[in-house]
Amino acid sequence: MVHEDAARRTNPLGISESQLRIVWVYPDLLSTYGDRGNMLVLARRAQLRGIPVEAVEVNSDQPVPVQGDLYLLGGGEDLPQILAAHRLRADGGLAAAAGRGAVVLAVCAGYQVIGTRFGGVDGEPVDGLAILDISSGRGERRGVGEVVADVDPALGVPRLTGFENHQGVTTIGPGASPLARVSLGVGNGDGTEGAYAGRILGTYLHGPALARNPGLADLLLSWAAGPLPPLDPAAEEWARRLRDERLAAVAS
Ligand code: GLN
């Protein structure tokens, strides 16, 4: 899927290509709960601002390209998650892209996979990509349901809404910061939700996360493409209604 129009205006990565290259990593293994919607939202919000987008889906039997600008990973069941971690480590493309400053959004299983290790099917540790300083184990009960979480003020993003369904609990190391503090739900399991460091960001939130949280989508786009003009409020209407509806549904 390729969309082209005018040349890209800014390129903080200093790469000569003109498009914003979005790479959806392993949709065959990591893509539960409509997480592919994150790619659609990013592409749409970029195109509304005149930023041309090339969106690529890379299955687990294909090499992960190193020259992408923004990489997306979704949630997954335990066994596909372990397979994804093994293949991503063997491939090396995503870690190399992160090393050269690409933006990464990883959701749930994907979030655990980009950490140093996570708990496998019987809780045994499985090595992750170690591009985000987090490690995950298996909690005593699944976190299932709606989440509301207030984002680190340094990021300037409104409160997050989403839903979670995971067994994993996550500890954030000194090289990363919590993305948000939960006011409803489980998140990492210690009162925080998600984590970020530099341009790498992980979250337990599905929904998909960026459909419910366009502010988070724009944060990621700005990391990849530079400062963004605001959108026409009419273009935001459906996103605002979805967000308001989900937040109102859990308001006490
Ligand atoms: N298998 C992981 C867990 O249960 C992730 C689940 C998911 O991605 N929804 O923690």
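Against the conditions (1) within 14 Å of the ligand (Cβ to nearest atom); (2) not in a strand (DSSP E or B), where does L132 fall short? Just the number, please.
The single condition L132 does not satisfy is (1).
Which of the residues spanning the stretch 74-96 are touching a residue at least 60 places away in the same chain (Cβ under 8 Å) and of a type in the set (A, V, I, L, M)?
L88, L94
Is it the case that some residue within the stretch 117-128 is of a type in the set (G, A, S) and either part of a helix (DSSP H, G or I) or away from the ligand (no atom under 14 Å from the Cβ) (or both)?
no
Can you list residue pairs whose Cβ atoms sit under 9 Å apart, with the first residue in the stretch 101-117 being free of Cβ contacts under 8 Å to residues at least 40 places away in the same chain and the second being near the ligand (Cβ under 9 Å from one of its atoms) and of a type outside the set (D, E)? Count only pairs 6 or more apart in sequence or on different chains.
Once the first residue is free of Cβ contacts under 8 Å to residues at least 40 places away in the same chain and sits in the stretch 101-117, its partners that are near the ligand (Cβ under 9 Å from one of its atoms) and of a type outside the set (D, E) give R117/S136.
Mind checking which residues of the stretch 81-95 are within 11 Å of the ligand (Cβ to nearest atom) and within 12 Å of N59 (Cα to Cα)?
Residue satisfying the conditions is A84 alone.
Could you say which residue among G110, G76 is part of a helix (DSSP H, G or I), within 14 Å of the ligand (Cβ to nearest atom) and surrounded by 24 or more Cβ atoms within 10 Å (Cβ to Cβ)?
That would be G110, the only listed residue that is part of a helix (DSSP H, G or I), within 14 Å of the ligand (Cβ to nearest atom) and surrounded by 24 or more Cβ atoms within 10 Å (Cβ to Cβ).
Can you pull out every residue in the stretch 42-59 that is touching a residue at least 60 places away in the same chain (Cβ under 8 Å) and hydrophobic (A, V, I, L, M, F, W, C)?
L42, A46, L48, I51
Every read-out reported here was derived from the displayed coordinates using simple, explicitly stated rules and does not represent laboratory data. Since the model is a prediction, treat every value here as computed from it, not as a measurement. Note: ideal-geometry Cβ built from the backbone for every residue, glycine included; neighbour counts use all protein chains shown.
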